[in-house]
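For reference, the structure I am asking about is given below.
The values are calculated or read from the model by the stated rules, or taken from the named source; none is laboratory data. These numbers were taken from a predicted model, which means no experiment stands behind them. Methodologically, a virtual Cβ is constructed for each residue, glycine included, from the backbone with ideal geometry; neighbour enumeration extends over all protein chains shown. Surface areas here come from the heavy atoms of the whole protein model, side chains and all, with no ligands, DNA or RNA. Shrake-Rupley method; radii C 1.70, N 1.55, O 1.52, S 1.80 Å.
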Amino acid sequence: MWSGSGNNKLINKFLKYPLLLILVVFAVIQFFSPSKNSEPTELAKILPTDMNANSEVTKILATSCFDCHSNCTNYPWYADSHPIGWWMSNHIQEGKKAINFSDFENLGLIRRRSKLESILKQIQQDKMPLSSYMKLHPESRLNEQQKRIITDWVKSLDY
């Protein structure tokens, strides 16, 4: 009859070598990836046409917002390393819950206005983009001119 003593010896051996155990666990988790948030969409087509987003507005939103707030994420090379990839996936899902520009056309006018006002408040208070995102993507930082462009665009909409 099989006794589990051989397994206990193996487990004890792994416990004696914590670095080896960590490496094995790290290697195994690489096979469990979350699904990617990368719908094949042209950036210019993410926002509904009735929002009149010119190329400058679209470029600012694409650089500073769309990775977390659309169905079109541009993943960095380290996104396939876990647990970093899991953290990023969760972060993107949370961002899309707050606002998803790819689904903006499905919102009613009052809901759109509410979301847009929230966007203005977040950028005016320098809460968006997140500082953790800007550390890895310094080009996403909004300068005063870009904030003004987004503010003027939102205020020009008839919602």
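Hey, can you grab everything whose amide H is under 5 Å from the amide H of CYS72? Only 5+ residues off in sequence or another chain; H modelled, so Pro and N-termini drop out.
GLU39
Applying the Karplus parametrisation 6.51 cos²θ - 1.76 cosθ + 1.60 with θ = phi - 60° to the phi angles of the range 88-102, what ³J(HN,Hα) value in whole Hz is obtained for each residue in order, glycine and proline being reported as x?
Each residue's phi maps through the Karplus curve to give 4, 4, 5, 4, 5, 4, 5, x, 5, 5, 5, 7, 10, 4, 5 Hz.
State, to one decimal in nm, how far the label point of ILE22 lies from the label point of GLU144, with both points 7 Å from Cα in the Cβ direction.
Taking the simple label geometry, ILE22 and GLU144 are separated by 4.7 nm.
While we're looking at this one, here's another question. Once phi is turned into ³J(HN,Hα) by the Karplus curve 6.51 cos²θ - 1.76 cosθ + 1.60 with θ = phi - 60°, what whole-Hz value does each residue of the range 135-143 show in order, with x for glycine and proline?
4, 8, 9, x, 5, 7, 4, 8, 8
Still on this structure, I have one more. To the nearest 10 square angstrom, how much accessible area does VAL28 have with a 1.4 angstrom probe?
70
Follow-up question, since we're still on this one. Expressed as a whole percentage, what fraction of the accessible surface of the range 61-159 belongs to carbon and sulfur atoms when a 1.4 Å probe is rolled over the protein heavy atoms? Provide the component values of the computation, followed by the final result.
Working: 3000 of 5740 Å².
With neighbouring chains kept in place, the figure for the range 61-159 is 52 percent.
Extending each Cα 7 Å along its Cβ direction at GLU94 and ASP80, get the distance between those two points in nm, one decimal.
2.6
According to a simple spin-label model (label point 7 Å from Cα along Cα-to-Cβ), what is the distance in nm between LEU157 and TRP87?
3.2
I need the phi-derived Karplus couplings for the range 54-66: 6.51 cos²θ - 1.76 cosθ + 1.60, θ = phi - 60°, integer Hz, Gly and Pro marked x.
6, 5, 5, 5, 4, 5, 5, 5, 5, 6, 10, 10, 5
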